[in-house]
Every structure is written in structure tokens, then in C-alpha cells.
Amino acid sequence: MVTFQLGSPLLDGCLLAVLAKGNAYGYSLTQQIKEIIGISESTLYPILRRLQREGYLAAYDQPYQGRNRRYYAITPSGLALLEECRSDWNRYCNAIGSVLYDTGGEAAEQGKEWV
């Protein structure tokens with residue numbers, strides 16, 4: 001099986017997409033992403049902190065069984081970035097699809113999406 005390299009913008013988009021479905025605490029969120037992408041928690045936590053610092057996520061603590069859990073929520077600017085990521089991803093998939101499937105750019109011209 002071929003494994004494709006995931007860059008920071010794609011990881012950002014994946015985290016934002018999961019959080020667009022609802023708030024999640026850090027461990028739960030990283031487990032959801034790990035199941036799909038197979039990436040380590042040590043890679044994801046710095047991304048969460050960066051997205052929070054840049055205003056795309058908000059974080060809050062909530063008590064759970066005597067401890068605090070850090071929850072993350074997508075902000076309006078995070079939703080805007082997610083839409084940008086989705087749009088860019090569709091353009092990227094169309095461009096790559098036209099090469100892999102030898103459509104000569106017809107897919108992009110016809111608005112065909114590979115995803």
C-alpha cells in the first residue's frame with residue numbers, strides 16, 4: 001500500500017473537520033485522527049496548540065472524574081479556514097486525478113470531483 005505524505009495544511013484541515021462535527025477533548029480528538037490517518041499524538045498536540053494560538057480553535061477545561069479535560073472547539077475563523085481547505089483539496093484532487101486518470105485536465109474543466 002502506498003502512503004502519501006501529509007503536510008501541515010492537510011492535517012489542519014482534518015483536525016478542523018473533526019471539530020466542525022462537535023467539540024472534543026484532546027485525547028479523544030487525537031484518537032479519532034489516529035484511526036483515520038495513523039499519526040502520533042505527539043504530532044497532533046502541537047498542531048492543536050498552534051491552531052488555538054492562531055485563533056482557529058478555542059480551548060476550555062471541563063471537570064471529569066476529579067480531573068480537568070481540555071476541550072477544543074472550532075471558531076468562526078476556523079470554519080472559514082476549513083472551507084478554504086476543502087476547496088483547495090477539491091482543486092488538488094481534480095488536478096492530480098486528471099494526471100492519474102489521464103483526462104488531460106478535462107475533470108477540472110467539467111467540474112468533476114474525484115473525492
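Can you run down the residue pairs with Cβ atoms below 6 Å, 6 or more apart or on separate chains, where the first is in the stretch 89-111 and closer than 17 Å to residue 7 by Cα and the partner is part of a loop (DSSP other than H, G, I, E, B) and modelled with pLDDT under 55?
Matching pairs, first to second residue: 93/114; 93/115.
Residue check, residue 48 against (1) surrounded by fewer than 17 Cβ atoms within 10 Å (Cβ to Cβ); (2) closer than 21 Å to residue 67 by Cα; (3) touching a helix residue (DSSP H, G or I) at 6+ places or on another chain (Cβ under 8 Å); (4) modelled with pLDDT of 90 or more, all met but one. Which one?
(1)
Of the conditions (1) under 15 Å from residue 9 (Cβ atoms); (2) modelled with pLDDT under 95; (3) out of contact with any helix residue (DSSP H, G or I) (no Cβ under 7 Å at 6 or more places or on another chain); (4) not aromatic (Phe, Trp, Tyr), residue 39 satisfies every one except a single condition; which number is it?
Failed condition: (3).
So that you can scan it fast, the table gives a plain yes or no per residue for (1) closer than 26 Å to residue 93 by Cα; (2) touching a residue at least 60 places away in the same chain (Cβ under 8 Å):
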{"site": "8", "(1), (2)": "yes, no"}
{"site": "12", "(1), (2)": "yes, yes"}
{"site": "20", "(1), (2)": "yes, yes"}
{"site": "25", "(1), (2)": "no, no"}
{"site": "44", "(1), (2)": "yes, no"}
{"site": "51", "(1), (2)": "yes, no"}
{"site": "72", "(1), (2)": "no, no"}
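The values are calculated or read from the model by the stated rules, or taken from the named source; none is laboratory data. Since the model is a prediction, treat every value here as computed from it, not as a measurement. As a convention, Cβ positions derive from the backbone with ideal geometry for all residues, glycine included, and neighbour counts pool all protein chains shown.
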